[in-house]
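In what follows, a structure is listed as structure tokens, so that the remarks can point back to it.
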Amino acid sequence: MKTMTRQYKYPLALAIAASIATGPILAQSAIEHHVWQDARKFEPYSRTAESITGAIRLSGNKQFATPGSKMTITFGTGKKAQLTSVGASWRQWDDVDGKRVTAEVFKLDKDPGTLLNRNTLCGKAARYLVFHESLSFGVSLLGVAVFEGSKEPEDINSPGLCGTFNYSAD
């Protein structure tokens, strides 16, 4: 009985072709998604959020980091503000932790004015809100940094920082 073995003229070329064909499938990563993209309510976690904004509700924005995409924020008083994305970055955005995180910067269409307990987001007109995620004692948080001034913030140390708030994201 004769056994047939097939010999390929270019075995290395076939192996390379097979790895190229399956490479992108194996290397594909998950789509980036953040809590502020969902339409939902966030309860205050920090005392500043509790006494100034109360719970906030975001209308959601599925277009992460797409400049010009819009979302609405509703504060505990019922006041609303339109937010327009100016993009996202991976920098230091948390005022407590020096680590870099992904954050999205939004421009406010107008300052919401007086909120809870006759407080405002800033001493002057709030212009930008920056959303990022963090952890505190195992609790997932939505962090919000508020900036005044006309220049878009680049990180937590940018001029115009006037408030930081934390909300439960669990």
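How many of the residues making up the range 29-65 are out of contact with any strand residue (DSSP E or B) (no Cβ under 6 Å at 6 or more places or on another chain), over 22 Å from Cys122 (Cβ atoms) and of a type in the set (S, T, N, Q)?
Total meeting the criteria: 3.
As an exercise: evaluate Trp90 against (1) within 22 Å of Arg47 (Cα to Cα); (2) of a type in the set (Phe, Trp, Tyr); (3) within 14 Å of the chain's Cα centre (by Cα) and give the number of the one condition it does not meet.
(1)
Go through the range 134-149 residue by residue and tally those that are under 13 Å from Val105 (Cα atoms) and either polar (S, T, N, Q) or out of contact with any Lys or Arg (no Cβ under 7 Å at 6 or more places or on another chain) (or both).
4
Inside the range 116-134, can you point out the residues that are charged (D, E, K, R), buried (at least 16 other Cβ atoms within 10 Å of the Cβ) and without any contact (Cβ under 8 Å) to a residue 40 or more places away in the chain? Steps first, please.
Our first condition is that a residue be charged (D, E, K, R); within the range 116-134, this holds for 118, 124, 127, 133.
Subsequent filtering for residues that are buried (at least 16 other Cβ atoms within 10 Å of the Cβ) retains 127, 133.
Across the range 116-134, the qualifying residue is only Arg127.
So, in the range 69-79, exactly how many residues are assigned to a strand (DSSP E or B) and either closer than 12 Å to Thr53 by Cβ or at pLDDT below 95 (or both)?
2
Can you name every one of the strands (runs of 3 or more DSSP E) wholly within the range 120-170 that holds 1 or more residues which are closer than 16 Å to Gly87 by Cβ?
Correct list: 126-136, 139-148.
I need the full set of residues from the range 90-115 which are buried (at least 19 other Cβ atoms within 10 Å of the Cβ) and farther than 15 Å from Glu148 by Cβ, in order please.
Hits for the range 90-115 are Trp93, Asp94, Ala103, Glu104.
More than 12 Å from the chain's Cα centre (by Cα), modelled with pLDDT of 95 or more and not in a loop (DSSP other than H, G, I, E, B): is that true of Phe106 in this structure? Give the steps one after another, and end with the answer.
On the way: more than 12 Å from the chain's Cα centre (by Cα): no; modelled with pLDDT of 95 or more: yes; not in a loop (DSSP other than H, G, I, E, B): yes.
Against the criterion (more than 12 Å from the chain's Cα centre (by Cα), modelled with pLDDT of 95 or more and not in a loop (DSSP other than H, G, I, E, B)), Phe106 does not qualify.
The values are calculated or read from the model by the stated rules, or taken from the named source; none is laboratory data. Small disclaimer: the values here were computed from a predicted structure and weren't measured. Methodologically, a virtual Cβ is constructed for each residue, glycine included, from the backbone with ideal geometry; neighbour enumeration extends over all protein chains shown.
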